[in-house]
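Below: one structure, written as structure tokens.
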Amino acid sequence: MKNIKLPEDVRMILNRFHDNGYEAFIVGGCVRDALLGDQPKDYDITTNAIPMQTEELFHDLKVVETGIRHGTVTVIINREPYEITTYRTDVKYSDHRHPDEVRYALTLDEDLSRRDFTVNAMAYNEEKGLIDKFNGVKDLSEGVIRCVGDPDTRFNEDALRILRCIRFASRYGFNIEKNTESALFRNRELLRYVSVERVASEFNEIITSNKAYEYLSEYRIIFETVMPQLEDLDFSLLGKVNRRLYMRLSALFVMDDSLSAVSMLRHMHYSNKIIDEVSALLDHVDYPLETDYDIRRMFFEIGIKATGDLLSLKKARGDDLDYGVIRKRIRELRKSFIARDQMNINGDDLMILGYRGREIGQILDDLYEQILRDEIKNDHEELMKATLKGSN
Ligand code: ATP
Ligand code: MG
């Protein structure tokens, strides 16, 4: 395990609490990441000061009441937000998702006990060093995700933890401790209490992880509880495309069809952007991509970048193509590609020649087709001439 080195601003925050008689620690994901030698995304701080006292203590800085009901205020230093949360204990979860009530706790131990997994339940400051009540370091070094406390109870309180568990395991390639693992399966029906957005956001992290195939296969029936559309889908192509979300989702459905992809993505409230990206790929994956014309046509249909993605998708599903050659050809053709709106002729030119209405669109389409086929240059004179000829 690596030593934890605090960034200057974090040290300043902790010191200020300390100098004023409060306790404060960095906690959760940032401690885990620092011990793993990864750069923490953000630093969360836990303290026995209540939000009002924290606000008072940092009155000279920008403080935002981001989650006052949960005991959280955010201090902003050099544009960087630091979430500072009062020690708390969560009581009674009647909806299997949110605590009915959040109570401040007196001790750090109590606060750590409410956290989900041992590797997420460690705290650190320079005076006290690492506080690791649940042997998170051991689990971290052995590669184990384990619930803090009784797994059935913890998943019952908040069913989202079921997916978080698989998410952390897949992110780090960890194993899930046996009791925790069997509780995942036993409590999977509780996932129905989790909103589709939350399910989708955990699923996205898992499907874009290095070991998506392994973890989704292992825990398939858990996901199927809330994503029945996954039934019969083949996960084995996931590792064959890059980790971008739309690529992974496309690989998930490439042996199925675009309609069921769209139906699942809509059901799970994915953004229109993702849905468009995935369906563009799936709708074109059966198109040929061999000749220069095929490639230019695809540039026009779905865009240059998506054409490269389409080739990857074809490769993942095992199409019999000379990928290296086509990849190279895509790189070459993109340099000279003429987009539809870059044609050196337009509707006004054709009006001058006497064309009207729908004829104009038709002629431009034909000319563009000839450009894609490399039968004509994108040269104003030449295009005008071709138009005259065509009108005879
Ligand atoms: P990431 O790197 O994905 O942000 P993280 O561990 O920081 O991982 P967050 O969702 O940012 O995860 O939560 C911060 C901390 O809050 C966690 O490390 C954990 O201690 C605690 N926590 C978050 N969600 C839950 C939950 N549903 N149940 C219990 N504790 C939680
Ligand atoms: Mg975090």
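For the chain, a simple Cβ point-charge model (Lys and Arg +1, Asp and Glu -1, everything else neutral) yields a dipole of about 520 debye relative to the Cα centre. Considering only 318, 293, 281, and ranking their Cα positions along the charge dipole of the chain that arises from unit charges at the beta-carbon of Lys, Arg, Asp and Glu, the one farthest toward the positive end is 318. Placing unit charges on the Cβ atoms only, positive for Lys and Arg and negative for Asp and Glu, gives the range 81-150 a dipole magnitude near 80 debye about its Cα centre. Go through 273/314; 305/335; 2/138; 273/335; 41/178 and tell me which ones have a Cα-Cα distance over 19 Å in this structure. Pairs exceeding the cut-off: 273/314; 273/335; 41/178. Summed over the residues of the chain and divided among them, the accessible surface reaches 50 Å² per residue at a probe radius of 1.4 Å. What a 1.4 Å probe finds exposed on the range 178-306 is 48% carbon and sulfur by accessible area, rounded to a whole percent. Expressed as a whole percent, the accessible surface of the range 1-136 that belongs to carbon and sulfur atoms is 46, based on a 1.4 Å probe. Rolling a 1.4 angstrom probe over the range 341-392 with all protein chains present gives an accessible area of which 45% lies on carbon and sulfur atoms. Among the GluC sites (Glu not before Pro) in the range 158-267, those located in a DSSP loop and surrounded by at most 15 other Cβ atoms within 10 Å of their own Cβ are 231. A viscosity of 0.890 mPa s and a temperature of 25 °C, combined with the Kirkwood radius over Cα pairs in Stokes-Einstein, give a translational diffusion coefficient for the range 259-387 of 148 µm²/s. Across the options 357, 367, 380, the greatest Cα extent toward the positive end of the charge dipole of the range 341-392 (unit charges at beta carbon of Lys, Arg, Asp, Glu) belongs to 357. The relative contact order of the range 143-226 comes to 34 percent, based on Cα pairs under 8 Å that sit 6 or more residues apart. Separation of the range 307-324 from the range 80-110 is 49 Å, based on Cα centroids. Axis of helix 258-267 versus longest Cα principal axis of the chain: the two differ by about 40°, to the nearest ten degrees. The trypsin sites (Lys or Arg not before Pro) of the range 1-87 that meet both conditions, a loop assignment by DSSP and at most 10 other Cβ atoms within 10 Å of the site Cβ, are 2, 5, 41, 79.
When the alpha carbon gyration tensor of the range 140-242 is reduced to an equivalent ellipsoid, the three semi-axes, largest first, read 21, 17, 11 Å. Relative to the longest principal axis of the Cα atoms of the chain, helix 292-302 runs at roughly 50 degrees.
Take every pair of alpha-carbon atoms less than 8 Å apart whose residues are at least six positions apart; their mean separation over the length of the chain yields a relative contact order of 8 percent.
Each principal axis of the Cα cloud of the chain was taken in turn, and the coordinate range along them, longest first, works out to 92, 51, 38 Å. Rounded to the nearest 20 debye, the dipole magnitude of the range 314-378 is 540 debye, with +1 charges on Lys and Arg beta carbons, -1 on Asp and Glu beta carbons, and the Cα centre as origin. For the chain, the residue among 250, 67, 54 whose Cα projects farthest onto the positive side of the dipole built from Cβ charges is 250.
Highest mean packing comes first when the peptides 285-292, 206-213 are listed by Cβ atoms within 10 Å, giving 206-213, 285-292.
The values are calculated or read from the model by the stated rules, or taken from the named source; none is laboratory data. Since the model is a prediction, treat every value here as computed from it, not as a measurement. For neighbour counting, all protein chains shown are included, and Cβ atoms are generated from backbone atoms with ideal geometry for every residue, glycine included. Keep in mind that these areas ignore ligands, DNA and RNA; they rest on the heavy atoms of the full protein, side chains included. Shrake-Rupley method; radii C 1.70, N 1.55, O 1.52, S 1.80 Å.
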